[in-house]
1. What share of Cα pairs, in percent, lie more than 13 angstrom apart in the range 244-304?
2. How big is the charge dipole of the range 20-117 about its Cα centre, in debye rounded to the nearest 20, if each Lys and Arg gets +1 on its Cβ and each Asp and Glu gets -1 on its Cβ?
3. What's the extension gain from F25 to L252 if we count 0.36 nm per residue and subtract their Cα-Cα distance?
4. In nanometres, what is the gap between the two model label sites at L275 and T210, each 7 Å from Cα along Cα-to-Cβ?
5. May I ask you to list the chymotrypsin sites (Phe, Trp or Tyr not before Pro) in the range 53-113 that are in a DSSP loop and have at most 16 other Cβ atoms within 10 Å of their Cβ?
6. Give, as a single signed number, the net charge of other residues whose beta carbon lies under 13 Å from the beta carbon of V196, with Lys and Arg counted +1 and Asp and Glu -1.
7. Which shape class, rounded, prolate or oblate, goes with the range 20-85 when its Cα gyration tensor gives a ≥ b ≥ c as root eigenvalues, a/c under 1.5 marks rounded, and past that a/b bigger than b/c marks prolate?
Amino acid sequence: MSSSPFNITIEQQYQGLLERIVLSFLSTGPACFFLIINGILMFSLRSKPVFRYTCRYILLYNLLVADTAQLVVTQVLFLLAVGRVRITYAVCGTITTMANLTAGISPLTLVIMSLERYVAVCYPLRHASIITIKNTVVAIIAAWTVSSPINVTRNLFLIEYSYEKFGKVLMEDYCTDVGWIPNSLCDDYDRAYNAVVFVSAGLTVISSYTGVVIAAKSASTDKASALKARKTLLLHLVQLVLSLSYTFYYPLLLALATTVRRIVFVWVQDVIYVLFIVLPRCLTSLIYGLRDQTIRPVLLRHLFCRSKLSVEPVTS
């Protein structure tokens with residue numbers, strides 16, 4: 001009977017290990033699948049001149065790069081949490097900063113894509129002179145530039161803490177975006193920033209949609225082009241909501257951690273991660289890859305290794 005406690009401990013350790021393996025597989029499987037899809041779509045967008053020299057496909061490529069990087073970084077954080085791996089504050093801060101940087105690029109890129117569709121419908125004669133490759137590259141650089149200082153400002157909350165703690169000391173718990181900066185003011189800053197981004201981006205997309213609807217009533221506007229732009233802008237609005245859904249991830253986890261049992265929390269955490277982190281970062285490739293008539297044949301050819309298909313240049 002004296003060995004009973006030892007046997008229970010071994011059984012609990014085995015159960016915990018099996019639980020972590022299953023959770024890692026359930027999250028890593030979908031993430032890897034969609035990473036492959038994203039990679040194939042990015043390769044497809046670089047395989048034809050019609051994609052490399054069309055502004056909206058350049059913007060789509062930037063969106064895919066940001067979403068793919070975001071998915072990789074968040075998957076690393078999730079696996080570290082599931083594996084209960086403790087790292088230093090400095091390493092955790094580097095990873096979470098990259099996650100915040102790439103997360104901020106998606107809504108900004110969607111705003112640019114919405115403005116591009118607005119110009120295409122409302123100012124068709126000036127579209128070629130306004131939406132140029134040079135201006136598109138400048139807009140992409142501006143999006144990354146705007147997102148970077150915001151993360152630097154966020155990290156200024158660490159000034160009051162010693163460098164030794166963040167450079168050498170292991171974290172008390174696993175690495176999270178809200179756990180590596182022990183300052184409640186940072187949470188308020190994050191909520192305020194996310195609210196500003198969501199409201200500003202949402203108003204821009206809605207204004208663009210309204211402008212397209214008004215322009216569609218004009219006799220000089222191409223009705224088919226206006227209808228297609230309206231559907232695209234609605235799609236951008238849905239993507240905007242999905243791209244900002246990550247902001248609900250940690251608040252939901254904090255709320256569930258105090259209300260449900262640990263075994264339930266562990267499984268619910270995996271479901272929430274897939275719904276709020278993995279899927280929003282993967283729907284872009286599925287939506288654009290299957291909806292766009294120019295991308296679809298190239299994407300399917302690369303997915304199924306078919307023979308070469310001709311791709312006609314797309315018009316604005």
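Read-outs: derived from the displayed coordinates by stated rules, not from any lab. None of these values were measured; they are calculated from a predicted model. A quick note on method: Cβ atoms are made from the backbone with ideal geometry, for glycine too, and the neighbour counts reach across all protein chains shown.
1. Numbers: 1242 of 1830 pairs.
Pairs farther apart than 13 Å: 68 percent.
2. Numbers: 8 positive and 2 negative charges, 27 e Å.
Charge dipole of the range 20-117: 120 debye, to the nearest 20.
3. Numbers: separation 227, 0.36 × 227 = 81.72 nm, distance 2.21 nm.
Full extension of this stretch gives 79.5 nm more.
4. Each label point is offset 7 Å from its Cα along the Cβ direction, giving 3.2 nm.
5. On the way: sites: Y53, Y57, Y61, F78, Y89; in loops: Y53.
For chymotrypsin sites (Phe, Trp or Tyr not before Pro) across the range 53-113 that sit outside H, G, I, E and B with at most 16 neighbouring Cβ atoms in 10 Å, the list reads Y53.
6. Values: positive: R191; negative: D188, D190.
Here the charged neighbours net out to -1.
7. Details: a/c = 5.24, a/b = 2.77, b/c = 1.89.
Prolate, since a/c reaches 1.5 and a/b exceeds b/c.
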